[in-house]
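These notes concern the structure reproduced below.
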Ligand SMILES: Nc1ncnc2c1ncn2[C@@H]1O[C@H](COP(=O)(O)OP(=O)(O)O)[C@@H](O)[C@H]1O
Ligand SMILES: [Mg+2]
């Protein structure tokens with residue numbers, strides 16, 4: 001699924017916000033409801049006032065009732081009165097029970113108070129006779145909901161703030177966890193720990209961040225390989241250069257001392273040539289490995305190319321018998337003449353070199369699949385099966401080759417493989433049943449256009 005991270009972040013955000021809105025509304029209504037009632041102790045006080053008024057009224061001492069009312073009004077800074085509420089039906093009419101029950105002068109002390117009215121409500125405490133009432137405007141000190149604005153502010157501001165901050169922190173940690181692991185891996189990699197990988201640390205997680213981790217791992221794999229290959233190449237190259245340099249040194253000392261100049265000068269030249277070819281091959285190899293270029297600019301005829309390489313080989317190895325079977329024409333496009341010529345030349349030279357004088361080398365080219373297959377069979381010693389892949393690694397030479405061919409440096413096949421791959425082809429080796437080595441190369445007739 002694409003945009004996994006989007007959905008993963010979207011779900012808690014949307015659900016969290018909806019839940020928050022719901023909770024805030026619910027709590028707001030609930031607290032307002034709870035805070036709209038007169039406190040229990042005030043209800044008691046009001047009832048006591050009602051009782052006192054009723055007692056004084058019953059005694060019939062109007063004077064004392066008036067004094068008490070006066071005093072109460074002054075003390076509580078409010079209005080209080082004792083009133084009759086007789087609704088006397090006249091002319092034979094009757095009052096419905098609904099009217100009698102609903103007829104009220106003020107509000108019962110247990111009822112909810114409307115907090116949005118600025119004026120305090122009048123409380124009604126009916127006497128036992130049913131038509132006399134003690135009425136009092138609720139004193140300010142008994143008005144409920146004193147802290148309602150603060151509580152509402154807390155609910156509408158502080159609660160969402162806290163919840164959203166919590167949500168943000170969860171999301172932050174969800175994103176930052178993997179990013180921090182990536183950062184640590186990048187730092188470790190830059191400090192030289194080439195083996196560091198991150199994807200495994202993410203466990204079962206699967207989203208854009210794991211894709212990033214996979215890309216990092218691929219990058220680390222490729223860059224790490226490249227760095228190691230380059231290191232090995234430099235070490236091997238330095239090692240390989242040491243031998244001809246020592247020989248040049250010795251030859252120069254002899255020349256300086258005037259010993260057999262005729263013999264040593266050509267030797268110095270030969271060593272220089274060897275070193276140059278070694279350095280050039282190593283540079284080409286490093287370039288092919290670093291850049292992994294796609295060499296696809298040339299169109300060529302493989303038959304022509306092979307003809308000229310074979311002609312050179314015949315000239316160089318006159319005692320060998322080269323049996324050649326090539327088609328009349330083998331056009332290929334999107335390739336590289338230079339890379340192919342060098343690769344094929346290396347392989348044919350090897351075949352000639354490892355085949356004893358007078359031996360046969362069979363070279364055959366024929367169409368196969370969407371390209372051409374080139375086989376080069378020799379009558380040399382072949383290669384031990386376990387070394388069959390190793391001969392394609394730079395500077396690798398079998399022990400026998402080291403003794404037989406001191407001028408080889410083991411770059412030929414490594415270079416050939418990378419050159420063949422750079423034109424979209426393949427190369428591998430196998431031993432022949434009758435002895436000798438077979439090199440198998442395949443080249444595409446044309447390359448698909450790059451995306
Ligand atoms: N035709 C062959 N027969 C036997 N061994 C071979 C053949 N070609 C290559 N090899 C082995 O593979 C090694 C690598 O070959 P190469 O890269 O061309 O290096 P070099 O020819 O400089 O030794 C050789 O040293 C040799 O041991
Ligand atoms: Mg070689």
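The values are calculated or read from the model by the stated rules, or taken from the named source; none is laboratory data. Worth saying up front: this structure is predicted, and the values here are computed from it rather than measured. Heads up, the Cβs are rebuilt from the backbone with ideal geometry, glycines too, and the neighbour counts pull from every protein chain shown.
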Of the conditions (1) closer than 28 Å to residue 414 by Cα; (2) under 47 Å from the mean Cα position of the chain (by Cα); (3) part of a helix (DSSP H, G or I), residue 212 clears all except one; give me its number.
(1)
Scanning for something in contact with a helix residue (DSSP H, G or I) (Cβ under 9 Å, 6 or more places away or on another chain), within 8 Å of ligand 1 (Cβ to nearest atom) and either over 22 Å from residue 226 (Cβ atoms) or not in a helix (DSSP H, G or I) (or both), does segment 415-423 turn up at least one residue?
no
Six or more apart or on different chains, Cβ atoms under 6 Å: show the pairs whose first residue is in segment 340-353 and touching a residue at least 40 places away in the same chain (Cβ under 8 Å) and assigned by TED's automatic domain parsing to the domain that holds residue 413 and whose second is within 10 Å of ligand 2 (Cβ to nearest atom) and in a helix (DSSP H, G or I).
343/416; 346/412; 346/416; 347/416
Can you give me the number of residues within segment 121-145 that are free of Cβ contacts under 8 Å to residues at least 24 places away in the same chain, surrounded by 14 or more Cβ atoms within 10 Å (Cβ to Cβ) and part of a loop (DSSP other than H, G, I, E, B)?
1
Limited to segment 238-276, what total is found for residues that are under 24 Å from residue 339 (Cα atoms) and free of Cβ contacts under 8 Å to residues at least 12 places away in the same chain?
2
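Would you say residue 285 is at pLDDT 90 or above, surrounded by 14 or more Cβ atoms within 10 Å (Cβ to Cβ) and touching a strand residue (DSSP E or B) at 6+ places or on another chain (Cβ under 8 Å)?
In short, no.
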Within segment 380-411, count every residue that is surrounded by fewer than 13 Cβ atoms within 10 Å (Cβ to Cβ) and either in a helix (DSSP H, G or I) or within 6 Å of ligand 1 (Cβ to nearest atom) (or both).
5
Some residue of segment 300-322 being in a loop (DSSP other than H, G, I, E, B) and touching a strand residue (DSSP E or B) at 6+ places or on another chain (Cβ under 7 Å):
yes
Out of all the residues in segment 388-402, is one or more more than 16 Å from ligand 2 (Cβ to nearest atom) and closer than 19 Å to residue 349 by Cβ?
no
In segment 360-371, which residues are within 16 Å of ligand 1 (Cβ to nearest atom) and buried (at least 18 other Cβ atoms within 10 Å of the Cβ)?
361, 362, 363
Could you tell me which of the residues 416, 422 is crowded, with 19+ Cβ neighbours inside 10 Å, in the same structural domain as residue 343 (by TED's automatic domain parsing), within 12 Å of ligand 2 (Cβ to nearest atom) and touching a residue at least 40 places away in the same chain (Cβ under 8 Å)?
416
Can you confirm whether residue 346 is away from ligand 1 (no atom under 15 Å from the Cβ) and not in a loop (DSSP other than H, G, I, E, B)?
no
Can you tell me which residue in segment 198-214 is nearest to residue 186 (Cα to Cα), limited to those that are surrounded by 13 or more Cβ atoms within 10 Å (Cβ to Cβ) and free of Cβ contacts under 8 Å to residues at least 24 places away in the same chain?
198
Selected residue (only one of 299, 336 is in contact (Cβ under 8 Å) with a residue 60 or more places away in the chain and either more than 16 Å from ligand 1 (Cβ to nearest atom) or more than 18 Å from residue 412 (Cα to Cα) (or both)):
336
